[in-house]
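Below is one structure, written out as structure tokens, with a few remarks after it.
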Amino acid sequence: MSKVTPEDIQKLAQLSALSVSRTEAEHLARDLSAIVGYVEQLAAVDTAGLEPTYQVTGLQNVERPDEVTDYSDLRHGLLDANVPNLRPDGHIGVGRVLK
Amino acid sequence: MSGETISQMVGRLLDGRATARANVEAALSRLTEHGSYNSLISTCEQRALQRADQIDQSLRKEPGRAGRLAGVPFVAKDNFLSFGAPTTAASKMLRNFQAPYQATVIERLEAEGAICVAKSNLDAFAHGSSTENSDFGPTLNPHDKSRVPGGSSGGSAAAVALGSVPFALGTDTGGSVRLPASFCGVVGYKPTYGLLSRFGVVAMASSTDVVGTLSRSAGDAALLVDVMSGRDPHDATTLDRPSDLRYKGGLRPLNVGLIEEFMGPEVDPAVKAAIENTCQKLARMGHRVNKVSLASLPLALAVYYIVVPAEISSNLARYDGIRYGYSAPRAASLEATYGLSRDQGFNAENKRRILIGTYVLSSGYIEAYYQKAQTVRTKLINDFKAAFKRFDFLIGPVAPATAFKLGQNTKDPLKMYLTDVMTVGASMAGLPAVSLPAGSDPAGLPIGAQLIGPQLSDGKLLQLAQDMEGVN
């Protein structure tokens with residue numbers, strides 16, 4: 001049975017863009033070990049000759065007309081309601097990301 | 001637990017015995033009266049009353065042109081984008097999020113005159129089986145306040161069970177409509193994957209997410225799917241409506257398979273007895289019930305808890321503290337903005353699922369876990385196909401036991417996951433399923449019976465469910 005360590009959790013957290021504290025990593029390592037231990041029962045299942053299923057209805061290449069839709073009314077509502085720092089000139093103020 | 005069905009409510013409106021405004025006001029006052037159950041995150045009172053007045057006005061002008069849901073108030077799980085209130089997905093991450101457009105299914109309900117009066121509670125991002133993972137506090141079971149309503153659509157199920165609204169929208173990724181329906185004693189319908197548009201629904205696991213309904217009767221579920229189904233250019237996974245979606249006429253004697261794997265010694269005796277009673281009822285109705293074994297069905301939960309976290313880790317990558325949603329105020333760099341916003345915006349269960357997903361998709365593990373799970377999924381689908389060669393529908397419980405106590409499973413995530421063991425199979429195969437009230441245990445807690453059909457048998461499935469409601 002795979003054992004997930006707190007170090008594994010820190011690595012996974014980094015890959016997932018999550019910050020995880022040391023105590024949290026210990027709890028999560030215990031939880032994930034139990035969950036991974038449970039799902040590992042699949043290793044023993046005989047799947048010879050079977051292909052994986054990624055979607056269940058068999059739709060392929062669903063297309064719609066390549067037409068321009070005007071969303072300008074939506075954009076207005078979206079910006080007003082959801083952008084904390086919307087400047088009068090319509091630009092969005094964000095935090096500095098470059099040093 | 002009383003309240004009207006949709007058809008009774010529309011009937012009163014058309015007779016002139018009610019107005020849309022009176023319906024909305026009554027629903028809001030019932031919801032307020034039952035506030036202690038915490039079934040709601042917000043109400044859309046102002047917009048709901050405006051829409052009600054518009055509907056009343058147009059009814060006076062053109063009484064013949066009333067929609068099929070004219071003046072019917074409903075509640076939407078708070079992971080449906082809608083106007084009139086924030087859409088939070090019960091997460092701190094989206095606490096103040098105002099939807100710039102509405103979900104297709106909400107638009108289609110509104111086009112027939114339905115009125116969204118409130119947004120209901122759920123496990124944050126629908127990650128859970130008890131509604132205890134909500135960042136807005138748990139919802140309480142209408143039959144026993146010390147117990148959970150089931151999840152993740154617990155608020156929707158409770159609002160219908162309390163008689164506040166005739167129906168509610170939910171979402172079902174692995175049982176999130178059927179389980180709370182069973183725990184609260186209402187009808188919970190999960191359609192065939194792709195039958196209803198997910199456009200405007202906060203994504204959890206895109207290969208199994210479906211929109212579902214909670215209602216007081218199977219007839220209402222049939223009406224709702226008829227209103228909401230059909231292709232949506234904004235959701236490429238939507239299917240054409242099957243011609244027999246509104247099933248008319250009686251059903252010839254059907255073959256129903258009782259799933260052996262769901263009637264083992266671990267299942268609560270009261271639940272087993274209720275399912276056996278339901279089978280006897282089917283027999284009295286002239287249908288044939290025989291046992292059936294689906295050997296790979298007990299593996300569905302392990303498949304689910306690989307595939308679904310994998311898809312969650314991908315779908316929740318969009319919450320980065322930059323584009324929308326919560327952003328950590330004191331982050332000093334771009335990396336810190338991502339890390340702190342996601343750390344503070346997501347709760348423990350969200351993080352657990354993201355990390356499991358990242359684990360099973362990691363280089364070196366993806367074949368052993370993710371690909372293997374998707375291949376066992378094929379085996380599961382083949383088992384269902386073989387069963388549906390012999391049987392029209394399958395029957396079994398929705399859950400091994402009735403509603404559990406608040407806090408009983410929160411310390412042990414794996415134990416909580418096992419609650420879904422009987423519902424995830426239909427989800428992984430994209431099958432329609434319905435949870436029907438099937439009596440109660442000695443403590444008075446509701447028990448649900450689950451009927452599962454082949455893909456696109458929704459019309460016939462709901463007709464069978466309606467026929468069963470008419471028989472004692």
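For the range A:32-59, the set of residues classified as facing another protein chain (nearest Cβ under 7 Å) and assigned to a loop (DSSP other than H, G, I, E, B) consists of A:Val45, A:Thr47, A:Leu50, A:Glu51, A:Pro52, A:Thr53, A:Tyr54, A:Gln55, A:Val56, A:Thr57, A:Leu59, listed by residue number. Scanning the range B:208-228 for residues that are open to solvent by 10 Å² or more (accessible area, probe 1.4 Å) and either touching a Pro at 6+ places or on another chain (Cβ under 6 Å) or not acidic (Asp, Glu) (or both) returns B:Arg216, B:Ser217, B:Gly219, B:Leu223, B:Val227.
The residues on offer are B:Gly439, B:Gly357, B:Gly448, B:Gly425, and the sole one that is surrounded by 20 or more Cβ atoms within 10 Å (Cβ to Cβ) and either of a type in the set (Asp, Glu) or in a strand (DSSP E or B) (or both) is B:Gly448. Of all residues in the range B:105-127, those being farther than 18 Å from B:Val165 by Cα and either of a type in the set (Phe, Trp, Tyr) or buried (at least 24 other Cβ atoms within 10 Å of the Cβ) (or both) number 5. Number of residues in the range A:5-17 that are at the interface with another protein chain (Cβ under 7 Å from one of its Cβ atoms) and either open to solvent by 50 Å² or more (accessible area, probe 1.4 Å) or modelled with pLDDT under 95 (or both) equals 1. Away from chain A (no Cβ under 14 Å) and modelled with pLDDT of 95 or more, is that true of B:Leu69? Taking the combined requirement at face value, the residue satisfies it. Take the residues of the range B:302-335 that are assigned to a helix (DSSP H, G or I) and touching a Ser or Thr at 6+ places or on another chain (Cβ under 6 Å): which is farthest from the other protein chains (Cβ to nearest Cβ)? Filtering the range B:302-335 for residues that are assigned to a helix (DSSP H, G or I) and touching a Ser or Thr at 6+ places or on another chain (Cβ under 6 Å), the one farthest from the other protein chains (Cβ to nearest Cβ) comes out as B:Glu311. Among B:Ala159, B:Ala99, B:Ala118, B:Ala168, which is the only one that is among the aliphatic types (A, V, I, L, M) and within 14 Å of chain A (Cβ to nearest Cβ)? Every option except B:Ala99 fails the conditions. Would you confirm whether or not the range B:248-262 contains a residue that is modelled with pLDDT under 95, among the basic types (Lys, Arg) and farther than 20 Å from B:Gly425 by Cα? The answer is yes, given that some residue of the range B:248-262 is modelled with pLDDT under 95, among the basic types (Lys, Arg) and farther than 20 Å from B:Gly425 by Cα.
Yes/no per residue for (1) among the hydrophobic types (A, V, I, L, M, F, W, C); (2) touching a helix residue (DSSP H, G or I) at 6+ places or on another chain (Cβ under 6 Å); (3) without any contact (Cβ under 8 Å) to a residue 60 or more places away in the chain:
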| site | (1), (2), (3) |
| --- | --- |
| B:Arg17 | no, no, yes |
| B:Ala22 | yes, no, yes |
| B:Glu25 | no, no, yes |
| B:Arg30 | no, no, no |
| B:Ser36 | no, no, no |
| B:Glu62 | no, no, yes |
| B:Gly71 | no, yes, no |
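The residues listed here are A:Leu28, A:Leu59; of these, the one that is modelled with pLDDT of 85 or more, surrounded by 16 or more Cβ atoms within 10 Å (Cβ to Cβ) and closer than 25 Å to B:Leu361 by Cβ is A:Leu28.
Taking the numbered list (1) open to solvent by 20 Å² or more (accessible area, probe 1.4 Å); (2) of a type outside the set (S, T, N, Q); (3) assigned to a loop (DSSP other than H, G, I, E, B) in turn, B:Ala399 passes all entries but (1). The set of residues in the range B:275-288 that are under 27 Å from B:Leu418 (Cβ atoms), in contact (Cβ under 8 Å) with a residue 60 or more places away in the chain and open to solvent by 30 Å² or more (accessible area, probe 1.4 Å) contains only B:Asn277.
Screening B:Thr208 with (1) touching a strand residue (DSSP E or B) at 6+ places or on another chain (Cβ under 8 Å); (2) in a loop (DSSP other than H, G, I, E, B) gives one miss only, at (1). From the list B:Lys411, B:Lys415, the one residue that fits, being under 26 Å from B:Ala295 (Cα atoms), basic (Lys, Arg) and open to solvent by 10 Å² or more (accessible area, probe 1.4 Å), is B:Lys415. Residue pairs, Cβ under 8 Å, 6 or more apart or interchain, first in the range A:1-16 and on the phi < 0 side of the Ramachandran plot, second of a type in the set (Lys, Arg) and open to solvent by 60 Å² or more (accessible area, probe 1.4 Å). List them. As it stands, the answer is A:Pro6/A:Arg22, since those pairs meet every condition given. Of the residues in the range B:378-390, none is aliphatic (A, V, I, L, M), within 8 Å of chain A (Cβ to nearest Cβ) and closer than 16 Å to B:Pro309 by Cβ. The single condition among (1) touching a residue at least 12 places away in the same chain (Cβ under 8 Å); (2) more than 19 Å from B:Ser164 (Cα to Cα); (3) assigned to a loop (DSSP other than H, G, I, E, B) that B:Pro138 does not meet is (2).
The values are calculated or read from the model by the stated rules, or taken from the named source; none is laboratory data. Predicted model, so just to flag it, every value in this text is computed and none were measured. As a convention, Cβ positions derive from the backbone with ideal geometry for all residues, glycine included, and neighbour counts pool all protein chains shown. Each accessible area value is taken on the protein alone, full model and side chains, heavy atoms only, with ligands, DNA and RNA left out. Shrake-Rupley method; radii C 1.70, N 1.55, O 1.52, S 1.80 Å.
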